[in-house]
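Enquirer: Structure provided below as C-alpha cells; questions to follow.
Here, each number is a calculation from the coordinates, and none is a lab measurement. Quick caveat, the model's predicted, so the values are computed rather than measured. In this analysis, Cβ positions are derived from the backbone assuming ideal geometry, glycine residues included, and neighbour counts consider all displayed protein chains.
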Amino acid sequence: MGTRQVGRQWEKRAESFLRRHGLTVIDRNVHSRWGEIDLIMRDGDQLVFVEVRYRTSPNYGSAADSVTFAKQQRLMKSAEYYLQRHRHSANPCRFDVVSIQGGRKPEIQWIKNAFPN
C-alpha cells in the first residue's frame, strides 16, 4: 500500500473518531494552491478544518509536532480560500489536529483549536 493510500486510511479513522464525538462531515481532501485540507467538519455552529497526522514511531517527535508553523500558514490560506468559495455561515471557525501515533494499537489524540487563526 502506498503512502497516499495509508494516509487516506488514517483520515477515515480520524473522521470516524470525530463523528463519534458529534462532528459532521462537510468536505474531504479539499485542494488549493497552498495544499490540502484533510477534513472540513461542523461542530455545532463552528466550521472545523482538520489536519490528520499519523506516525508509527515517536522517534522524530509526535504526529502533532509535524504540523509546523509553515504547515499552519498553508492550512490557514487554504481555509480562507475555501471560505471565500463556499460561503459557509459558520462563525467562527477553528483548526483542529488529529494526531495518530503507533502501530497495532494506535493512540488518537484530538487537539481542538490546535493553533490560532
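Enquirer: Here is a list: 39, 47, 75. Which entry is of a type outside the set (Gly, Ala, Ser), assigned to a helix (DSSP H, G or I) and either within 17 Å of residue 115 (Cα to Cα) or in contact with a helix residue (DSSP H, G or I) (Cβ under 7 Å, 6 or more places away or on another chain) (or both)?
Expert: On the way: 39 fails: assigned to a helix (DSSP H, G or I); 47 fails: assigned to a helix (DSSP H, G or I).
Just one listed residue meets the conditions, 75.
Enquirer: Right, here's the next one. Which one of the conditions (1) over 21 Å from residue 22 (Cα atoms); (2) surrounded by 16 or more Cβ atoms within 10 Å (Cβ to Cβ) does residue 73 fail to meet, given that it meets all the rest?
Expert: (2)
Enquirer: Just to be sure before I move on: is residue 83 without any contact (Cβ under 8 Å) to a residue 60 or more places away in the chain, among the aliphatic types (A, V, I, L, M), under 23 Å from residue 6 (Cβ atoms) and in a helix (DSSP H, G or I) in the structure I sent?
Expert: Values: without any contact (Cβ under 8 Å) to a residue 60 or more places away in the chain: yes; among the aliphatic types (A, V, I, L, M): yes; under 23 Å from residue 6 (Cβ atoms): no; in a helix (DSSP H, G or I): yes.
Spelling it out, it is not the case that residue 83 is without any contact (Cβ under 8 Å) to a residue 60 or more places away in the chain, among the aliphatic types (A, V, I, L, M), under 23 Å from residue 6 (Cβ atoms) and in a helix (DSSP H, G or I).
Enquirer: Look at the range 28-50 and say how many of its residues are touching a Cys at 6+ places or on another chain (Cβ under 7 Å) and either among the acidic types (Asp, Glu) or surrounded by fewer than 20 Cβ atoms within 10 Å (Cβ to Cβ) (or both).
Expert: Total satisfying the criteria: 1.
Enquirer: Let me ask something else. Suppose we filter the range 51-70 for residues that are of a type in the set (A, V, I, L, M, F, W, C) and surrounded by 11 or more Cβ atoms within 10 Å (Cβ to Cβ); how many remain?
Expert: Number of matching residues: 4.
Enquirer: Taking the range 94-117, which residues are under 12 Å from residue 63 (Cβ atoms), touching a strand residue (DSSP E or B) at 6+ places or on another chain (Cβ under 6 Å) and in a loop (DSSP other than H, G, I, E, B)?
Expert: 106, 114
Enquirer: Taking the condition in a strand (DSSP E or B) and of a type outside the set (Val, Ile, Thr), does residue 27 pass?
Expert: Yes; evaluated as a whole, the condition is true for this residue.
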